[in-house]
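Enquirer: Please see the structure below; I have some questions.
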């Protein structure tokens, strides 16, 4: 079973990696650095969890995964933009990301800010491009744009990022921490699943099942991130560990302890899988992916 | 004639100002500062040139301007995001904007970066919202998203911004300067006109006329901006003047001289108006707006 996941994962990651660059418009005549920075951050590693979930969700509802590739890549553009901006000195001030120096360290702050802006914009350009997703009815395409935009904006990722910054060096409650995680990470992971389902032509019940799965798995993903920051190994992770503790950042391990955090993650995983019963056997890749997300070492 | 423009301008600016805030989603429970910063920058003055052009274009093709209001506001979100990010220390490092301290001076860099990100994202969220533009066929809505995203991204505004930063303290050719202006300002102005035309149900020839008008008027707008930076008065402008010269920034006046720059602007205005002949009398508001753009004092 683990081998089956590895195979599917590799295949999907390969499909996404192939297109991440080719979907980008070419650099402008007098503007090449931002394009270089975008490609640097896009192709500098990354597990492609959001794109893979998008493709898997498309398949789970009976669609052809390849039709969801543009949306999958758009999701990775948005995720990558968020990493570039989060790493900036004014925000998390991280020098390393995905095993290489972070975008602003390599290209300077101005270029990094613009590269993030451009990735976010190109996500929506890709989602609305005429030649893309052309087999898909127009109405679900608008729904996909709406899902993704809402997950990334002031009701989603940006809100999570702000709450996270505000929480630094403060005693925060579990409620606040949950808010941070659900918005900062969970929203876009959920949007990945829902948009895959919409592109695959999923019925309303299926879409809602994917949404529930996304919410649970998104929180489990972030708890795992917190755990890795405590227990993970920097050389495997490609970024520093122990940084949360140094920043006195609230995390699940600091609030609940290691053991209870792991138990909560397992519980969420269980609930996530339960939401997929509607798909029967077709849920298998998503269930495996959930397990992978909570057992990963990077 | 000038009075007619003043009246239309005030009416359209009023319609836009009313909705700029109300179209935004409410702030998150634990994330209020970014929302505040967005509203601060959105409502802190501004001539609403892009939204007004969008509404006028909609009317010129026979549509009801009110149907273009969401797109008009989305364009202002994108314009405002670009100002917030451009003002950051890593980019232009401007302390004043639209007569008030710039966003990062008021709220800090982290919040300003996130406010820009959120405005950009909410533009696309607004354009794809179910309850918005619902009278419009879905296909033109996708086209509008595509036009605006392309104008804002790596083939448009971001490319212009990069080329502008690269050009600082360098001797640049007129070709490069034109590239900067056409991308940094012209692209979004053109997209404003084209999207208004698409929402109003314009025919292909009408859309292309609006596109030509946008390109000419966009460049004229930027030449005027350069001229105001030399000749304008800081207290009227709400921001410092003479900053281009201090930064040894290439501008039309430095490359062509004041007189020739003015002549070029007039020439562009003439060509812009010629493109509108297809609209007959209906072109009047746009022609007046073009004249206003080139005679404004702020």
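We did not get these values from a lab; they are worked out from the coordinates using the rules stated. Predicted, not measured: the structure shown is a model, and the values here were computed from it. Counting neighbours? That spans all protein chains shown, and the Cβs are built from the backbone with ideal geometry, glycine included.
Enquirer: Just to be sure I understand the model, the point goes 7 Å from the Cα along the line to the Cβ. What's the resulting residue B:5 to residue B:18 distance in nm?
Expert: Placing both labels 7 Å along Cα→Cβ, they lie 2.5 nm apart.
Enquirer: Helix-only mean residue ellipticity at 222 nm, chain B, DSSP H runs n ≥ 4 weighted -39,500 (n - 2.57), per residue, nearest 500. What is it?
Expert: On the way: 16 runs with 204 residues, N = 298.
It comes out at -21500 deg cm²/dmol, rounded to the nearest 500.
Enquirer: One decimal, nm, shortest first: give the distances between the label point of residue B:201 and those of the same position in the other copies, each label point 7 Å from Cα along Cα→Cβ.
Expert: 3.2
Enquirer: For residue A:95, which inter-copy label distances result when the label point lies 7 Å beyond Cα on the Cα-to-Cβ vector, reported in nm to one decimal and in ascending order?
Expert: 3.2
Enquirer: Write down the Kirkwood hydrodynamic radius of the protein assembly as shown, to one decimal in angstroms, obtained as one divided by the mean of 1/r over all alpha carbon pairs. Intermediate results must be reported in sequence, preceding the final value.
Expert: Working: mean 1/r = 0.0406 Å⁻¹.
This gives a value of 24.6 Å.
Enquirer: Moving to a separate point now. Sort A:166, A:251 so the one with the fewest other Cβ atoms within 10 Å of its own Cβ comes first. Before the final figure, lay out the partial values.
Expert: Details: A:166 18, A:251 22.
Result, fewest neighbours first: A:166, A:251.
Enquirer: Taking the beta-carbon count within 10 Å as an exposure proxy, list A:158, A:172 from fewest neighbours to most.
Expert: Working: A:158 29, A:172 21.
Ordered from fewest to most neighbouring Cβ atoms within 10 Å, A:158, A:172 come out as A:172, A:158.
Enquirer: Once the label point is set 7 Å along the Cα-to-beta-carbon vector, what list of distances in nm do you get between residue B:212 and its counterparts in the other copies?
Expert: The answer, with the shortest distance listed first, is 5.9 nm.
Enquirer: Would you mind getting the Kirkwood hydrodynamic radius of the range B:2-295 from its Cα pairs, rounded to one decimal in Å?
Expert: In the range B:2-295 this quantity evaluates to 19.3 Å.
Enquirer: Here's something else I'd like to know. To make sure I understand, if each residue's beta carbon is the centre and we count other beta carbons within 10 Å, what order do B:212, B:8 fall in, fewest to most? Each step should come with its number before you reach the end.
Expert: Numbers: B:212 16, B:8 19.
Listed from fewest to most nearby Cβ atoms, that is B:212, B:8.
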